[in-house]
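**Student:** I am attaching a structure below and will ask some questions about it afterwards.
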Amino acid sequence: MVLDTANLIETKPIRINRVDIVGLKRTKDDIVKKATKCLFDSKTISDVIAKTAIVKRNLMQLECFNDVSAKLDVDSVNGQDRYYVTIKVEECNWVQGHVKILSDAHFDNNPDPKLSTGVSFSNLFCRGEKLNLVSDVYSSNKKFSTGSVSFTKPLIALFSPYLYTTVFKNHYDRSKFGYSFDEYGLNTGLNLSHEYFKLNLLWEGVARDLKNSQNAPFGIREQLGLTLKSSVKMTASYDTRDSGVFPSYGSLVQCCSEFAGLGGSHEFVKNELTLQHTFTTLLDFAVTGSFSFGILDKFGTSSILDNFYLGGPLTFRGFEECGVGKKEDGSIMGSSMFWRYNTHVHAPLPFLSKKNKLSHLIRIHLFMNSGNVGNRLGNLTKDIRGLINNVRLSCGAGLALNINNLMRLEINYCLPVYYSNNDSIVSNKNQWGFGLLFF
């Protein structure tokens, strides 16, 4: 018979006698036993409920099951209750593929669409391993431009760790900035997570071949050629927001650090901090304030590819892509310091109730962006003065669309208010901007 937990006292002592797994095909028993063994430590009904949720999370973490469900049964033998847990799983297809036409104009500055093809092998060695192969072909050059081969291995342990390694080749066309480059690399890392906390540790070795386009400024030409970089990266975040797309409450604290110099041509330390907080006011207006700060310390050489860039719908609305801090010779080489403060207000469409699904998908977007860039001069006073002088400011309004809780599409009218003569902004000081932000 099926046990009705609603009619039992949650503190009643029990003992789990058996755990049955139904639906296994490829997955090995040992990894499933490791994911479910905590059920035998249950002492009460409430323990069973709590540990069942942990087991479902452990199994879904393997990314080889489409669905996991659990049922608690009880039988009476010789006047004694025996408790059994039955876990039913549905394994996903172990081979999956995709063919997509994408445009990464805001990510690699290549406006041409690309054909992306990929195949993934889930549960490769029957213990949750996954192998992904992806290749992209751009319509402009009709040849292999980017690709990667990645392997991930989840571990059933504290903080839900998983290991990964990736071999990749990327091509970035930034002709309007005076250069393009190819990169060939290998990275391997470890991911940890626990409730609101996430930590990523990564080593990356990459070879980058920087090429100039026609009439490139001298600042670009002097850095041409093949360089090597070996670096260790750490990204730690604490995120209590209810949603990354349209948050209504919560905070985000994220710190990214990179140390380069373990071999290769470049030696630097790069740090970036992001703080964000969201609260909801009357009339269901969600107000978000965010602050970002980054600094690059060189104790050797570095490349313009490692600098910070501001501008465009993803970083600083109202300015062209990487258009903040343009040099007098026309080159865009980035900076070694930046700060940015943004305020966003997402309001529901008028005359729509909260129960209307459209009010959760499309929202009115009001924003104010401010920030500045600068270069390290070796003097704290001069560095601070450089960051607070000639602050850029823009504001605007538009619409924001929630796409499957994975990305946000923005259509904004932007008005640059304060800017430098060397900055790249559109004529007439206004701009209709389109941005696609992933979360």
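The values are calculated or read from the model by the stated rules, or taken from the named source; none is laboratory data. Worth saying up front: this structure is predicted, and the values here are computed from it rather than measured. Positions of Cβ are backbone-derived with ideal geometry, glycine not excepted, and every protein chain shown enters the neighbour counts. Ligands, DNA and RNA are excluded from the accessible area calculation, which covers all protein heavy atoms including side chains. Shrake-Rupley method; radii C 1.70, N 1.55, O 1.52, S 1.80 Å.
**Student:** Might you report the magnitude of the Cβ-based charge dipole of region 317-393 about its Cα centre, with Lys and Arg at +1 and Asp and Glu at -1, to the nearest 20 debye?
**Tutor:** Here the size comes out at about 460 debye.
**Student:** If you don't mind, another one. Do the sum for the chain: with -39,500 (n - 2.57) for every DSSP H run of n ≥ 4, divided by all residues, what is the mean residue ellipticity at 222 nm, to the nearest 500 deg cm²/dmol? Don't skip to the answer; put the middle values down first.
**Tutor:** Values: 6 runs with 46 residues, N = 439.
Helix-only estimate at 222 nm: -3000 deg cm²/dmol.
**Student:** Please give the net charge around Asn271, taking every other residue with its beta carbon less than 10 angstrom from that of Asn271, where Lys and Arg add +1 and Asp and Glu add -1.
**Tutor:** With Lys, Arg at +1 and Asp, Glu at -1, the net is -2.
**Student:** Residue farthest toward the positive end of the dipole of the chain, with Cβ of Lys/Arg at +1 and Asp/Glu at -1: which of Leu377, Thr235, Gly334?
**Tutor:** In the chain, that residue is Thr235.
**Student:** Roughly what % of DSSP beta bridges within the chain run antiparallel, to the nearest 5?
**Tutor:** On the way: 177 of 183 bridges.
In the chain, approximately 95 percent of DSSP beta bridges are antiparallel ones.
**Student:** A follow-up question, please. Treating only the Cβ atoms of Lys and Arg (+1) and Asp and Glu (-1) as charged, compute the dipole magnitude of the chain about its Cα centre; round to the nearest 20 debye.
**Tutor:** In total the dipole reaches around 240 debye.
**Student:** Roughly how many nanometres apart are two label points built 7 Å out from the Cα toward the Cβ at Asp67 and Phe259?
**Tutor:** In this crude label model, Asp67 to Phe259 measures out at 4.8 nm.
**Student:** Once you keep just the Cα pairs under 8 angstrom separated by 6 or more residues, what percentage relative contact order results for the chain?
**Tutor:** Result for the chain is 8 percent.
**Student:** So for region 201-328, what are the equivalent ellipsoid semi-axes in whole Å, largest first, each being the square root of 5 times an eigenvalue of the Cα gyration tensor?
**Tutor:** 34, 21, 11
**Student:** If you work out Rg and Dmax of the Cα atoms in Å from the coordinates, which of [x] 21.7, 71; [y] 21.3, 67; [z] 26.2, 91 do you get?
**Tutor:** Correct label is [z].
**Student:** Over region 170-311, with the other protein chains present, what is the accessible area per residue in square angstrom, probe 1.4 angstrom? Before the final figure, lay out the partial values.
**Tutor:** On the way: 6870 Å² over 142 residues.
Roughly 48 Å² per residue, with all protein chains present.
**Student:** Something else: Looking only at Ser335, Ser160, Ser69, which one moves most when the chain is put into a Gaussian network model with springs between Cα atoms under 10 Å?
**Tutor:** Most flexible of the set in this elastic network: Ser69.
**Student:** What is the Cα centroid distance between region 334-363 and region 26-95, reported in whole angstrom?
**Tutor:** Cα centroid to Cα centroid, the span is 40 Å.
**Student:** Summarise the accessible area of the chain (1.4 Å probe, protein heavy atoms) by the percent that is carbon and sulfur.
**Tutor:** 58 percent
**Student:** Helices from the chain with mean Kyte-Doolittle at least -1.0 and a Cα length along the axis of 20 Å or more, per DSSP H: which?
**Tutor:** The answer, listed by residue number, is 45-61.
**Student:** In addition: If region 150-272 were replaced by its equivalent ellipsoid, with semi-axes equal to the square roots of 5 times the Cα gyration tensor eigenvalues, what would those be, largest first, whole Å?
**Tutor:** 33, 19, 14
**Student:** Now for a separate question. So what does log10 I(q)/I(0) come out to for region 349-409 at q = 0.19, 0.20 Å⁻¹, using the Debye formula with one equal point on every Cα and no solvent?
**Tutor:** Here the Debye-derived log intensity ratios amount to -0.77, -0.80.
**Student:** Then there is this: Averaging over every viewing direction, what projected area does the convex hull of the Cα atoms of region 13-75 cover, in nm²?
**Tutor:** Reported value for the Cα convex hull: 4.3 nm².
**Student:** Within 13 Å, Cβ to Cβ, of Asn372, how many net charges do the neighbouring residues add up to if Lys/Arg are +1 and Asp/Glu are -1?
**Tutor:** Residues near Asn372 contribute +1 overall.
**Student:** For the chain, modelled as a GNM with alpha-carbon contacts under 10 angstrom, which of Thr27, Thr281, Thr188 fluctuates the most?
**Tutor:** The residue with the greatest mean-square fluctuation here is Thr281.
**Student:** Could you work out which residue, out of Gly250, Gly378, Gly312, moves most in a Gaussian network model of the chain, that is, has the largest mean-square fluctuation with Cα springs under 10 Å?
**Tutor:** Judging by the Gaussian network model, the answer is Gly378.
**Student:** Around His346, what is the net charge, scoring Lys/Arg as +1 and Asp/Glu as -1 over all other residues with Cβ under 15 Å from its Cβ?
**Tutor:** +2
**Student:** Run the count for region 212-350, please: Lys pairs, Cα-Cα under 16 angstrom, 8 or more apart or on different chains.
**Tutor:** 5
**Student:** Over its Cα atoms, what ratio of radius of gyration to 2.2 N^0.38 Å does region 279-330 give?
**Tutor:** For region 279-330, the normalised Cα radius of gyration is 1.68.
**Student:** Find the accessible area per residue for region 12-110; the probe is 1.4 Å, ligands and nucleic acids are left out, and the unit is Å².
**Tutor:** Details: 5790 Å² over 99 residues.
Ligands and nucleic acids excluded, the figure is 59 Å² per residue.
**Student:** For Lys51, give me every one of the lysines with a C-alpha distance below 29 angstrom, ignoring sequence neighbours fewer than eight places off in its own chain.
**Tutor:** Reachable lysines: Lys12, Lys25, Lys28, Lys33, Lys34, Lys37, Lys43, Lys71, Lys88, Lys130, Lys153, Lys198.
**Student:** Would you please state which residues of region 179-220 a label at Leu163 would reach in this model, taking the label point 7 Å out along Cα→Cβ and a backbone N cut-off of under 11 Å?
**Tutor:** 189-190
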